[in-house]
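Q: There's a structure below that I have some questions on.
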Amino acid sequence: MLDSSIPTKQITSNAVGTRNLDLGRGRKAFQWLDYLSPDEAQLDALQQKYDLHPLAMDDVRTYDERAKVLDFGAYLFITIHSLTRQAQDIIDHELEVFLGRAFLITIHDEPMPEIDRAVKRFQADPHRQDLGPDYFLYLIADEITNALFPMLDQIDDEIDATEEETLARATPKTQARIFKLKHTLIQMRRSVAPMRDVMNALAGTRYSIVDAKTALYYRDLYDRLSRIYELIETARDLLGNALETYLSVQSNRLNQVMKALTIISVIFLPLSFIVGWGGMNFVRFMPLDNELLYVGLNLSLLLIPVVMLIFFKNRDWF
Amino acid sequence: MLDSSIPTKQITSNAVGTRNLDLGRGRKAFQWLDYLSPDEAQLDALQQKYDLHPLAMDDVRTYDERAKVLDFGAYLFITIHSLTRQAQDIIDHELEVFLGRAFLITIHDEPMPEIDRAVKRFQADPHRQDLGPDYFLYLIADEITNALFPMLDQIDDEIDATEEETLARATPKTQARIFKLKHTLIQMRRSVAPMRDVMNALAGTRYSIVDAKTALYYRDLYDRLSRIYELIETARDLLGNALETYLSVQSNRLNQVMKALTIISVIFLPLSFIVGWGGMNFVRFMPLDNELLYVGLNLSLLLIPVVMLIFFKNRDWF
Amino acid sequence: MLDSSIPTKQITSNAVGTRNLDLGRGRKAFQWLDYLSPDEAQLDALQQKYDLHPLAMDDVRTYDERAKVLDFGAYLFITIHSLTRQAQDIIDHELEVFLGRAFLITIHDEPMPEIDRAVKRFQADPHRQDLGPDYFLYLIADEITNALFPMLDQIDDEIDATEEETLARATPKTQARIFKLKHTLIQMRRSVAPMRDVMNALAGTRYSIVDAKTALYYRDLYDRLSRIYELIETARDLLGNALETYLSVQSNRLNQVMKALTIISVIFLPLSFIVGWGGMNFVRFMPLDNELLYVGLNLSLLLIPVVMLIFFKNRDWF
Amino acid sequence: MLDSSIPTKQITSNAVGTRNLDLGRGRKAFQWLDYLSPDEAQLDALQQKYDLHPLAMDDVRTYDERAKVLDFGAYLFITIHSLTRQAQDIIDHELEVFLGRAFLITIHDEPMPEIDRAVKRFQADPHRQDLGPDYFLYLIADEITNALFPMLDQIDDEIDATEEETLARATPKTQARIFKLKHTLIQMRRSVAPMRDVMNALAGTRYSIVDAKTALYYRDLYDRLSRIYELIETARDLLGNALETYLSVQSNRLNQVMKALTIISVIFLPLSFIVGWGGMNFVRFMPLDNELLYVGLNLSLLLIPVVMLIFFKNRDWF
Amino acid sequence: MLDSSIPTKQITSNAVGTRNLDLGRGRKAFQWLDYLSPDEAQLDALQQKYDLHPLAMDDVRTYDERAKVLDFGAYLFITIHSLTRQAQDIIDHELEVFLGRAFLITIHDEPMPEIDRAVKRFQADPHRQDLGPDYFLYLIADEITNALFPMLDQIDDEIDATEEETLARATPKTQARIFKLKHTLIQMRRSVAPMRDVMNALAGTRYSIVDAKTALYYRDLYDRLSRIYELIETARDLLGNALETYLSVQSNRLNQVMKALTIISVIFLPLSFIVGWGGMNFVRFMPLDNELLYVGLNLSLLLIPVVMLIFFKNRDWF
């Protein structure tokens, strides 16, 4: 554990994708180890050096854990997720963290630009140096959280566009888009909800490793993740509303067409019957020489559709 | 901190849209600073003067925060929202507040008539002068909350109108209106729920800055916001009910029309068949000289529709 | 404050609709003031006499408050609602109460028969005299709660009638009735839920003004209001179930009719085609002299419908 | 209070349907009074003898109370319900209980075989004699709870049968059955939920009358009632799932039929048109002597349906 | 109870399917008894030897208990379930456990490979020997929980396949598959929810038999079961989304077909009318010698469909 008041920044990259940095200063100086897809040997060495619990190491080795905090006394074991959106799918990258009083170990399988941004912010501001590894972890979580807002803004824009389409010029593609947006939001909510719970736990007084000063930052993060969660829920409600509307606008339009087509059919059926009557071969009895009948019959062929249309219109049938 | 028993009201507007007022009297006198769209320089000066936490200042600079309370010991940092309705959209304006024992700082990006009304109420009543900045903030929150009731009343009237239309003379426009009202309520709920939580927090004994006497006022505000939240939920249920009814009334009407049209078709098809038979050219075998047949056939053309209609009526088909 | 063991019942009606009664006896004697639509002067006098908090007086002056309890130390300010049903609408009348140790003030805008019944019950039983104003308020709340059961029974009967209709002889009116019943239940739930919370608060040990003995009565009231709330929820579920069933029974019936009509159409179309063929004027080539053909053709006109019906029946098409 | 180590079982039936039994032994001996539809005189005598609270007696006199526990210090007043299923309706019988340290009073309006079974179990096992009236009440509640399982099993079998029918050979009766099962489950849930809460209350340490040893039994009962509640919810979900499936299987089948019928119509319409053309009387211009035309025309009458069917099949229209 | 530091592993199988093993070492040594479908005699002997509570033994004898923990002081009685999936049905096997300080009794009716794997893991690692029976039980629960993930992965793959089908080439089988997957998930959730609650209870400080060290393992298990629960809920939401989409894609496709078929009908009806007119026998008045009329009439037979199709297309009817 270093005691130098000015932190010595020395990167000792002992493997591809591994960083080893001394950060912070004074009583709050700490060592930061960052592993990108570590191999078994590295994990074993790490476990030995910091006396890490086998339970936590098991979790590091397996994937698809839920965001969570486990308290091992000398350190906290924390799992959080960073989300990226590829087309309509939400991909979550797992970040495993050991947060001790004088060390911070971060393990992940994909490069995380959020971590690099957090390092820069931490090193840029001398006041931040006095806050320990718990604050540095906050910066990482802050970057991860902030990355969610543009994602949500984009989804919001897509929902707005979809809502407008719904009432104006919806096509079956509109519906496929709603379906995919809902899929995206369901996935997103699954990752955000436990993240929020983790921040709430870190914001409380439960863990002595997290400083009361820093807890305030986690509280702010918790508020922002709650906001995100509510935005997701609101977005789902809006999409549900849009879908309902789309379906009934569609069904309405179809019904109008079918009604119009049926009315055309209905108009021609009596006409066909009349001329069919005129085509019968009972020539002996039929008044085929009656010109009045002939003219009247032809007139009725013109009048019947008019009468029917007026009748239908009056009954509000189209 | 002033100690004069009669507050000296002196407006020192050092910038466009900025107010600086000494309010209250006695032990409860306090300074009120109101910033409308402050620039960076103003915010920096403010932060320096009152030693405000950078975390809170970050929140002031970003928009779209959730209504919340953060306790920084010497002061509370509070975000609340005032809502206005433009057509069917709920616009929320953010108000950021620093509530200290002897100061109140309010920061907002749009002019807020609620604040002006609160100032007038505070200054009008001498008894209110003895209650500090926490009470003054209550007055602002009270004005913001009261502005929600006419909004809800208007929405309620629109729902009533929609419900009546639904059963009587619904058109596709009715449905678009339901859709937009639901959209409005979803947005409104998103803003009201965290506001209510903020008032509940301020009504408790958690924050020493809020006086026990004033907490009672926040409790009342919490009750009113709970009422509003319930009214929103009830309104949504009523709209859902109206929508369901609209859809099935519509579908019912359409079905009546389609059934009527289909019955007309069905009646003319056998008639067309009969006269078609009479038009066949098997003149050698067909009893075309049989007057009885001719008359019977013509009679059947009159009777068949009658029989069919009676049959359909009996089976309750229309 | 009276100390006489036998309460002196003297009504001093100083205004229309105002009652002033000394009730109870011994240590529990109290003054009851009942105001029906009091004017400003009365309210001001009242506030002065009992030193009532301006916040509570504001709530008395405004309407449409949520059922609630506010503790002002020397007294509780309580808002409860009595419900009546007019046709399908639930009307709620607000009752505002100040409950002190030796006084009970009730303020309402409509005559409330529940209060009159409560007075009678209180005065009829000498044992009840020993219980103070908190018990008298319980009697009023008890009467208000009991008035809900016949209302719910009536709604229950209507639901039962609706459910039976749904499966047997549903008409579009059935659906309008379901719609209105759901509307009624949504309104009712909105009023009952906060009432229940008020009784729960009064049943606890939070408020010293409510005696432990009387709290038991409020607990019983809370249980009854919980029961009512559950009955409302159950009623809504049953209505939802009935509506779903109604809609699909209706759609089923319509589908049967449409299928039958379509089958009639389908049967006549080939027949029309055959006689149409017989009507062609290619007299030179057509075997119009072939009696066998003529007979066969006529037979086919009889057989084709039979064959088609058997085919449709076999495929379970009707 | 008896002190004999061997309980003296002596039934003193002083009225029809009333039992009076000395049960248990040693310090845990108690008197059990069982009333079947007691009259006013009996209730008054009971109230006097055991000094029962008028509030509880009021509840005994009224029906349709919610399952609940009220603590009157010297005794608990408990309401529980036994459920029986008649066809599709759940009938609940109310059992009112006064549980004291040395007495147990049970009041009900219908004969309850569960109570008789509980008496037998209690008397059969000498070890049970050492557990007091709270344990005896547990036995009654246990019998009531156990009676729910066969009911649920039966409902489960009916749901299984319904689910199978849904995918295979659903008729409108299937849907009526789903409707009635949902009705049954809604009623059942309404009664089970407060029962579970009562058992949870008795399993806790809140009531000193319930022994810590016996509380364990109530805890077990609570677990079983929670299980029942979850089974009811699962059953409702499965029914909802089955209903959705039924509706769309039905709609699918109908659509297949309507499509097939429509295709038949569509095939005959062009044929009718062709033979109609052949029937026109423009004999001077029509090539009625052209045998090729006649043969071609007749061939087309055979080919057109084939071509149309191939076209429809290719576009996947049936 | 053994005190040897190296556990003596000696299997004493006194009956088919019964194991008796001494496990662990030092202060944490314990005896493990595993019963596969024990008979009454075995259960009685067991009850006598360990002085087990009759309530727990009753639960062992009955089936279909909910996952739960009952604290009997000297030992915990725990019920958990292992799930297997057969086709679309979730079968749950009950495992009843008595967890004492120096013994662990497991009773089940089916062979459980999870237990065998847990024994192997326990015996393989010497460090694990120092953790007592509570840790051994954790290993069993861990194996049971881990077996859920491949099941969920498989379900997830099936949902993905279903979602893709839904938008591309859905058939009625797609819907039957959705129905069955929902059925599976409803069953699974019913078993997982109480399992999660059991792990939460064991992870707390409520039960002194579970070591604080081991509680951490149960906490991890609780997190994993929460994850599973959320995955189930997410899967249900995705399926609901897929079903909605499937239904409306289907309805859309059907509507396209019906519209096309209707348009064909509508086009031929006026044509049939025209040729029907030409077939009338009013030869005296009809201009049958007018070649222009004949040609025009035939041309109209060609033009009318074209005009109609253009008209329909313009109005966006297909």
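Q: Of the residues E:309, E:292, only one is touching a residue at least 40 places away in the same chain (Cβ under 8 Å) and exposed (fewer than 15 other Cβ atoms within 10 Å of the Cβ); which?
A: E:309
Q: Applying the selection to the range D:209-220, what residues are open to solvent by 30 Å² or more (accessible area, probe 1.4 Å) and in contact with a strand residue (DSSP E or B) (Cβ under 7 Å, 6 or more places away or on another chain)?
A: D:216, D:219
Q: Something else about it: In the range A:66-84, what residues are out of contact with any Lys or Arg (no Cβ under 7 Å at 6 or more places or on another chain) and either surrounded by 18 or more Cβ atoms within 10 Å (Cβ to Cβ) or of a type in the set (Ser, Thr, Tyr) (or both)?
A: Scanning the range A:66-84 gives A:67, A:68, A:69, A:75, A:76, A:77, A:78, A:80, A:81, A:82, A:83, A:84.
Q: Checking the conditions here, which among A:292, A:301 is within 30 Å of residue B:259 (Cβ to Cβ), assigned to a helix (DSSP H, G or I) and modelled with pLDDT of 90 or more?
A: Of the residues listed, the single one that is within 30 Å of residue B:259 (Cβ to Cβ), assigned to a helix (DSSP H, G or I) and modelled with pLDDT of 90 or more is A:301.
Q: Restricting to the range D:291-305, and then to whatever is out of contact with any Pro (no Cβ under 7 Å at 6 or more places or on another chain) and more than 9 Å from every other protein chain (Cβ to nearest Cβ), can you tell me which residue is farthest from residue C:273 (Cα to Cα)?
A: D:292
Q: Select, from E:206, E:284, the only residue that is out of contact with any Cys (no Cβ under 6 Å at 6 or more places or on another chain), within 26 Å of residue D:286 (Cβ to Cβ), surrounded by fewer than 19 Cβ atoms within 10 Å (Cβ to Cβ) and of a type in the set (Lys, Arg).
A: Criteria check complete, one pass: E:284.
Q: Let me ask something additional. Test residue E:281 against the criterion of being more than 10 Å from chain D (Cβ to nearest Cβ) and over 15 Å from the mean Cα position of the chain (by Cα), and give yes or no.
A: no
Q: Could I ask something else about it? Quick one: residue A:143 ticks every box in (1) within 21 Å of residue B:63 (Cα to Cα); (2) surrounded by fewer than 17 Cβ atoms within 10 Å (Cβ to Cβ); (3) modelled with pLDDT of 90 or more except a single one, so which number is it?
A: Checking residue A:143 against (1) within 21 Å of residue B:63 (Cα to Cα); (2) surrounded by fewer than 17 Cβ atoms within 10 Å (Cβ to Cβ); (3) modelled with pLDDT of 90 or more, the one that fails is (2).
Q: Here is a further query. For residue C:268, are the conditions met, namely being within 7 Å of chain B (Cβ to nearest Cβ), outside any loop (DSSP other than H, G, I, E, B) and open to solvent by 30 Å² or more (accessible area, probe 1.4 Å)?
A: Spelling it out, residue C:268 is indeed within 7 Å of chain B (Cβ to nearest Cβ), outside any loop (DSSP other than H, G, I, E, B) and open to solvent by 30 Å² or more (accessible area, probe 1.4 Å).
Q: Residues to consider are B:34, B:59; find the one that is of a type in the set (Asp, Glu), touching an Asp or Glu at 6+ places or on another chain (Cβ under 8 Å) and either outside any loop (DSSP other than H, G, I, E, B) or within 11 Å of chain A (Cβ to nearest Cβ) (or both).
A: B:59
Q: Now for a different question. Which members of the range B:205-216 meet the condition of being in a helix (DSSP H, G or I) and either out of contact with any His (no Cβ under 8 Å at 6 or more places or on another chain) or within 26 Å of residue A:240 (Cα to Cα) (or both)?
A: Listed by number, the residues that qualify are B:212, B:213, B:214, B:215.
Q: Could you tell me whether the range B:52-59 includes any residue that is under 30 Å from residue B:125 (Cβ atoms) and either within 32 Å of the chain's Cα centre (by Cα) or not aromatic (Phe, Trp, Tyr) (or both)?
A: Checked the range B:52-59: no residue is under 30 Å from residue B:125 (Cβ atoms) and either within 32 Å of the chain's Cα centre (by Cα) or not aromatic (Phe, Trp, Tyr) (or both).
Q: Could you name every one of the helices (runs of 4 or more DSSP H) located completely within the range D:89-204 that has at least 3 residues being within 12 Å of another protein chain (Cβ to nearest Cβ) and within 25 Å of the chain's Cα centre (by Cα)?
A: Once the helices (runs of 4 or more DSSP H) in the range D:89-204 are filtered for at least 3 residues that are within 12 Å of another protein chain (Cβ to nearest Cβ) and within 25 Å of the chain's Cα centre (by Cα), what remains is D:133-146, D:148-168, D:172-203.
Q: List pairs: first in the range A:216-230 and modelled with pLDDT under 90, second among the β-branched types (Val, Ile, Thr), Cβ under 6 Å, 6+ apart or cross-chain?
A: Listed by first residue and then by second, the contacts come to A:224/A:145.
Q: Run residue A:262 past the list (1) open to solvent by less than 20 Å² (accessible area, probe 1.4 Å); (2) within 8 Å of chain E (Cβ to nearest Cβ) and report the number of the one that doesn't hold.
A: That leaves (1) as the condition not met.
Q: Pick from the range C:233-255 the residues that are over 26 Å from the mean Cα position of the chain (by Cα) and more than 9 Å from chain B (Cβ to nearest Cβ): which of them is nearest to residue C:293 (Cα to Cα)?
A: So the residue we want is C:255.
Q: Are any of the residues in the range B:129-140 surrounded by fewer than 20 Cβ atoms within 10 Å (Cβ to Cβ), under 28 Å from residue C:70 (Cβ atoms) and in contact with a helix residue (DSSP H, G or I) (Cβ under 7 Å, 6 or more places away or on another chain)?
A: Scanning the range B:129-140 turns up at least one residue that is surrounded by fewer than 20 Cβ atoms within 10 Å (Cβ to Cβ), under 28 Å from residue C:70 (Cβ atoms) and in contact with a helix residue (DSSP H, G or I) (Cβ under 7 Å, 6 or more places away or on another chain).
Q: Checking the structure you have, find out if any residue of the range B:240-254 is in a loop (DSSP other than H, G, I, E, B), open to solvent by 50 Å² or more (accessible area, probe 1.4 Å) and not hydrophobic (A, V, I, L, M, F, W, C).
A: no
Q: For the range D:157-173, which residues satisfy the criterion of being open to solvent by 40 Å² or more (accessible area, probe 1.4 Å) and of a type in the set (A, V, I, L, M)?
A: Within the range D:157-173, D:161, D:167, D:168 meet the criteria.
Q: Here's something else I'd like to know. Could you run through the range A:180-193 and say how many residues are open to solvent by less than 10 Å² (accessible area, probe 1.4 Å) and touching a Leu at 6+ places or on another chain (Cβ under 8 Å)?
A: 6
Q: Report yes if residue B:314 is open to solvent by 40 Å² or more (accessible area, probe 1.4 Å), polar (S, T, N, Q) and under 53 Å from the mean Cα position of the chain (by Cα), otherwise no.
A: yes
Q: Has the range A:111-124 got any residue that is of a type in the set (Asp, Glu) and either modelled with pLDDT of 90 or more or open to solvent by less than 40 Å² (accessible area, probe 1.4 Å) (or both)?
A: yes
The values are calculated or read from the model by the stated rules, or taken from the named source; none is laboratory data. Computed from a predicted model, the values in this text were never measured in an experiment. All Cβ positions, even for glycine, are placed from backbone atoms using ideal geometry, and neighbour counts span all protein chains on display. Side chains are part of the model used for accessible areas, which takes the heavy atoms of the whole protein and leaves out ligands, DNA and RNA. Shrake-Rupley method; radii C 1.70, N 1.55, O 1.52, S 1.80 Å.
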